[in-house]
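Let me begin by presenting the structure, written as structure tokens, before commenting on it.
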Amino acid sequence: MINSARRAWLGIAGWVVVLVVLLLVPGNVTRGTQEILLNLILWVGIAQAWNLIGGIGGQLSLGQSAFVGAGGYTLAMCVLKAGTPWPAALLAGGVLSGTLAWLLSHLLLRLSGVYFTIGSSAVALIAQAWMVTWTWTGESRGLAIPLDAVPDRATAFEVIAVLTVVACAVTSVVLRSTFGLRLMAVRDDESAAAALGVPTRSVKRRAFVLSAFLTGLLGGAIALNQVAIEPNSMFDLNWVVTALVMVVVGGMGTVAGPIIGAFVIYYLVDRALADQPVLQALLSGVLVIAVIVVAPNGIVGVLRAGTDAAADRVSRRRRSQGHLSVTPCGATPTEQAGQIPAPLIDQPPSSGIEPGRPPLTRDRPATKHAAPSRESRNT
């Protein structure tokens, strides 16, 4: 229990250090580098939020794009229509997304497997179609937030960095909590988890709402960063599909998986092939298929397997070296290897008799010389 609490505090301290480093980026790098890091960090946050329900919970939801759009439009509408300060509007976007997820969970979580995936994608498409035709939100034209109502680029970077680190820290805490264990039990075998007394639907609902809340916050941060938003981009399925690919490539159900996956997909694929979208999509698909076939646990799984193999090799080498270090000088190679020569195993205890001499036996006493007879003495 103490070790678990200590690991939890060390993990939190580690994320605080990461946050401090990220907050030092604005003003210390070029504008182009800052934009690249901002987009990378944003994708890490969205992928980590999806990882809660898709990776740890095992529910392949395609409805997260609806929560991205809900968070962004809530912030824009609160700032434009009500004059709400952007921090409060950002929080309102997360709360509205979480509330929407809670309402939808009563219907969607009655489905499982591919039916849940299809149902969640239908919700995202319905939300996009509705926003395109809703006059109050600007229809397909979208909304433009006044520049004096949003923070500058450096502050927007810091907001996205804070939200992403929070998403990573929440995922880390969930993985170490009882709630996380129940969620993973539902993912592995829902029927068995229910038989053991786990409230499966309640556990999935909480994970769904938590994921939607974080996604809504990040959607509001996207609106702050873009200033001008429109429904075809904010409610696009590309948000959740890309996040899913990142998590699968990096490693589902882990904290490091979305981070590694975001770096590989965004930086090594999307940016390198930005002028070739067809090849970009093709390479992403091939990469996902290759990971599923060759490394089902993602890049994190490959790294863990390699680390465990190296640690096992080092451990065996240390054990063998430690055994040889206590071997007495002059020992034969057979003795150094820890083996006893075969002749010594069956040899009876030593009797103290030199080789070549017949052993003395107790049942045959030694021969005594007879005393000379009287006749022989007289002779």
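The values are calculated or read from the model by the stated rules, or taken from the named source; none is laboratory data. All values derive from a computational prediction rather than experimental measurement. Virtual Cβ from ideal backbone geometry, glycine too; neighbours counted across all protein chains shown.
Within the option set 137, 84, being closer than 26 Å to residue 225 by Cβ and touching a strand residue (DSSP E or B) at 6+ places or on another chain (Cβ under 8 Å) holds for one residue only, 137. Within region 235-253, one or more residues are among the aromatic types (Phe, Trp, Tyr) and part of a helix (DSSP H, G or I).
Sub-6 Å Cβ pairs linking a first residue in region 271-300 that is under 24 Å from residue 39 (Cα atoms) to a second residue that is part of a helix (DSSP H, G or I) and polar (S, T, N, Q), at least 6 apart or interchain, are 273/280, ordered by first then second residue. Considering the conditions (1) buried (at least 16 other Cβ atoms within 10 Å of the Cβ); (2) assigned to a helix (DSSP H, G or I); (3) at pLDDT 90 or above, residue 269 is excluded by exactly one of them, (3). All told, residue 187 falls short of being crowded, with 20+ Cβ neighbours inside 10 Å and without any contact (Cβ under 8 Å) to a residue 40 or more places away in the chain. Considering 171, 178, 164, the condition of being β-branched (Val, Ile, Thr) and surrounded by fewer than 18 Cβ atoms within 10 Å (Cβ to Cβ) is satisfied by 178 alone. When residue 48 is tested against the conditions (1) surrounded by fewer than 19 Cβ atoms within 10 Å (Cβ to Cβ); (2) within 24 Å of residue 226 (Cβ to Cβ); (3) touching a Ser or Thr at 6+ places or on another chain (Cβ under 8 Å), the lone failure is (1). The residue that is farthest from residue 225 (Cα to Cα), counting only those in region 146-186 that are part of a helix (DSSP H, G or I) and polar (S, T, N, Q), is 178. Inside region 282-314, residues that are loosely packed, with under 13 Cβ neighbours inside 10 Å and among the hydrophobic types (A, V, I, L, M, F, W, C) make up a count of 12.
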